[in-house]
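S.K.: The structure is given below, and queries will be raised subsequently.
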Amino acid sequence: MNTAGSALSGAEAMGAPAWEDFTAALRLQLATKTKLQREEPLAPKTTMRVGGAARLYAEPASATDLQTVLRAARASGVEVFLLGRGSNVIVPDEGVEGIVISLAHEAWATFEVVAGGAVHVGAGLRLKNLCGRAAAAGVAGFEFLEGIPGSVGGALRMNAGAMGGWIFDVVEAVELMTFDGDVKILAKAEMHVDYRHCAELHHAIAIGARLRPATVANADSIKRQMDAYAQKRHETQPREPSAGCIFKNPPGHSAGRLVDESGLKGERVGDAEVSPVHANFIVNRGHATAAEVIELVRQVRARVRQAKGVELEPEVLLYGKNWKDVL
Ligand code: EPU
């Protein structure tokens with residue numbers, strides 16, 4: 001609590017000079033190839049392209065530097081946020097009061113075929129590249145992930161899925177780093193995963209995974225399957241910037257159909273629009289703000305509740321906040 005009596009948390013109370021001191025001290029402990037940047041704009045790092053800056057942003061170039069960043073944050077009470085490819089997040093307009101860590105450095109984009117047909121991948125590898133590298137190596141079974149615009153780490157955190165499968169279908173083990181900087185390997189059987197959910201990765205960072213595809217096929221048939229999925233996606237999903245599906249499918253329902261049947265396609269708040277192509281996508285028609293997206297989410301939820309009696313829950317993360325505090 002500060003003297004003015006407002007309810008600022010420790011992290012929010014950290015002013016610019018404290019951030020400068022924290023950044024300077026951390027910089028000294030990191031390799032030069034590790035990026036560390038104050039007030040880094042986050043909108044360009046997300047597919048929705050809205051929102052403000054990270055008070056501090058880091059792209060560690062090694063596990064050692066990731067560990068150093070996490071331990072420094074812990075010691076100073078700085079909140080840590082992970083950013084993958086930014087395809088399932090909405091960044092608030094005021095930005096993020098903490099340190100945003102991205103495994104975007106190439107060191108995390110590894111792909112290696114290991115004994116017995118499994119592959120070992122780094123958390124920063126894009127799913128598109130995982131599919132491409134696997135197809136080139138003749139490893140089938142990852143095609144369903146091809147169109148998800150995320151990274152392996154983000155996909156694990158969300159248990160991302162498409163075309164009737166989700167990533168944990170092909171996971172054997174996940175290598176993670178706790179926010180204390182300790183590395184652990186968890187077998188899938190030790191993890192609690194569900195539709196768009198992985199409990200163990202709410203308080204730890206996936207740094208790599210061993211994946212075992214379900215089938216074996218030749219490169220031609222893998223390519224055909226990937227093309228078929230890509231075509232289906234092009235026909236049924238919008239091209240404009242979005243965060244993918246905005247709501248989870250409620251048990252026994254399709255969120256897209258519920259929003260559609262509530263007459264909401266094309267509904268707008270500023271430049272945020274319920275896509276006329278797929279009603280479970282909110283698209284950015286050019287210069288949307290996070291506030292406009294959030295207001296549209298609120299309106300869509302209210303209308304679906306009224307028209308259908310179903311309470312939709314957001315699937316995308318509101319970065320650094322809880323949806324229930326803004327809806
Ligand atoms: N539908 C409508 N109107 C619409 C949209 C859909 O009536 O505006 C109907 C469709 O005709 C279909 C049903 O709703 O009968 C389901 O639609 P779709 O096949 O597009 O699948 P979905 O359940 O809406 C899920 C995932 C997508 C994933 C697709 C394809 C969720 C919330 N969504 O969508 O994942 O790409 O299947 O596999 O689980 C994401 O998670 O961000 C995402 C886009």
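S.K.: Scan the stretch 297-327 for residues that are of a type in the set (Phe, Trp, Tyr) and surrounded by fewer than 14 Cβ atoms within 10 Å (Cβ to Cβ) and report the count.
M.R.: Selection size over the stretch 297-327: 0.
S.K.: Sticking with this structure for a sec: Of all the helices (runs of 4 or more DSSP H) wholly in the stretch 208-327, which have at least 2 residues that are touching a Phe, Trp or Tyr at 6+ places or on another chain (Cβ under 9 Å) and small (Gly, Ala, Ser)?
M.R.: On the way: elements: 219-236, 255-261, 290-308, 323-326.
Per the criteria, 255-261.
S.K.: Which residues, counting only those in the stretch 128-152, are within 19 Å of residue 59 (Cα to Cα) and within 13 Å of the ligand (Cβ to nearest atom)? Step through it out loud before you land on a result.
M.R.: We begin by selecting, within the stretch 128-152, every residue within 19 Å of residue 59 (Cα to Cα); these are 150-152.
Within the stretch 128-152, just 150 meets the criteria.
S.K.: Does residue 306 satisfy being more than 24 Å from residue 160 (Cβ to Cβ) and away from the ligand (no atom under 12 Å from the Cβ)? Steps first, please.
M.R.: Numbers: more than 24 Å from residue 160 (Cβ to Cβ): yes; away from the ligand (no atom under 12 Å from the Cβ): yes.
Spelling it out, residue 306 is indeed more than 24 Å from residue 160 (Cβ to Cβ) and away from the ligand (no atom under 12 Å from the Cβ).
S.K.: Still on this structure: Return the pairs, sorted by first residue and then second, in which the second residue is of a type in the set (Ser, Thr, Tyr) and modelled with pLDDT of 95 or more, the first residue lies in the stretch 111-137 and is in a strand (DSSP E or B), the beta carbons are less than 8 Å apart, and the residues are 6+ apart or on different chains.
M.R.: Within 8 Å, the pairs are 120/110; 121/110; 122/110; 126/151.
S.K.: Please find, within the stretch 246-259, the residue that is surrounded by the fewest Cβ atoms within 10 Å (Cβ to Cβ) out of those that are within 25 Å of residue 289 (Cβ to Cβ) and within 7 Å of the ligand (Cβ to nearest atom). Don't jump to the end; show me each part of the working.
M.R.: Residues of the stretch 246-259 within 25 Å of residue 289 (Cβ to Cβ): 246-248, 255-256, 259.
Filter again for within 7 Å of the ligand (Cβ to nearest atom), leaving 247-248, 255-256, 259.
Numbers: 247: 26, 248: 17, 255: 22, 256: 21, 259: 28.
If we take residues in the stretch 246-259 being within 25 Å of residue 289 (Cβ to Cβ) and within 7 Å of the ligand (Cβ to nearest atom), then 248 is surrounded by the fewest Cβ atoms within 10 Å (Cβ to Cβ).
S.K.: Only one residue in 228, 243, 162, 155 is within 13 Å of the ligand (Cβ to nearest atom), of a type outside the set (Val, Ile, Thr) and in the same structural domain as residue 266 (by TED's automatic domain parsing), so which one is that? Walk me through how you get there before you give the answer.
M.R.: On the way: 228 fails: in the same structural domain as residue 266 (by TED's automatic domain parsing); 162 fails: in the same structural domain as residue 266 (by TED's automatic domain parsing); 155 fails: in the same structural domain as residue 266 (by TED's automatic domain parsing).
243 is the lone residue from the list that is within 13 Å of the ligand (Cβ to nearest atom), of a type outside the set (Val, Ile, Thr) and in the same structural domain as residue 266 (by TED's automatic domain parsing).
S.K.: Residues that are among the β-branched types (Val, Ile, Thr): list the strands (runs of 3 or more DSSP E) wholly contained in the stretch 9-83 that include at least 1 such residues.
M.R.: On the way: elements: 35-41, 53-59, 80-83.
Those strands (runs of 3 or more DSSP E) span 80-83.
S.K.: Out of all the residues in the stretch 267-275, is one or more of a type in the set (A, V, I, L, M, F, W, C) and over 18 Å from residue 47 (Cβ atoms)?
M.R.: Here is the first cut: in the stretch 267-275, the residues of a type in the set (A, V, I, L, M, F, W, C) are 269, 272, 274.
Still in the list and also over 18 Å from residue 47 (Cβ atoms): 269.
Yes, the conditions are met somewhere in the stretch 267-275.
S.K.: Can you say whether residue 146 is within 16 Å of the chain's Cα centre (by Cα) and modelled with pLDDT under 90, as far as the supplied structure shows? Steps first, please.
M.R.: On the way: within 16 Å of the chain's Cα centre (by Cα): yes; modelled with pLDDT under 90: yes.
Considered against the rule, which asks whether it is within 16 Å of the chain's Cα centre (by Cα) and modelled with pLDDT under 90, residue 146 comes out as yes.
S.K.: Right, something else. If a residue must be over 18 Å from residue 210 (Cβ atoms), of a type in the set (A, V, I, L, M, F, W, C) and surrounded by fewer than 24 Cβ atoms within 10 Å (Cβ to Cβ), how many such residues does the stretch 137-166 contain?
M.R.: Going through the stretch 137-166 one residue at a time, the tally reaches 3.
S.K.: Test of understanding: among 208, 270, which residue is more than 15 Å from the ligand (Cβ to nearest atom) and surrounded by 19 or more Cβ atoms within 10 Å (Cβ to Cβ)? If you could, list the steps in order and put the result at the bottom.
M.R.: On the way: 270 fails: surrounded by 19 or more Cβ atoms within 10 Å (Cβ to Cβ).
Criteria check complete, one pass: 208.
The values are calculated or read from the model by the stated rules, or taken from the named source; none is laboratory data. The structure presented is a predicted model; accordingly, all values stated were derived computationally and were not measured. Because the Cβ atoms are built from the backbone with ideal geometry, glycine has one as well, and the counts that use them run over all protein chains shown.
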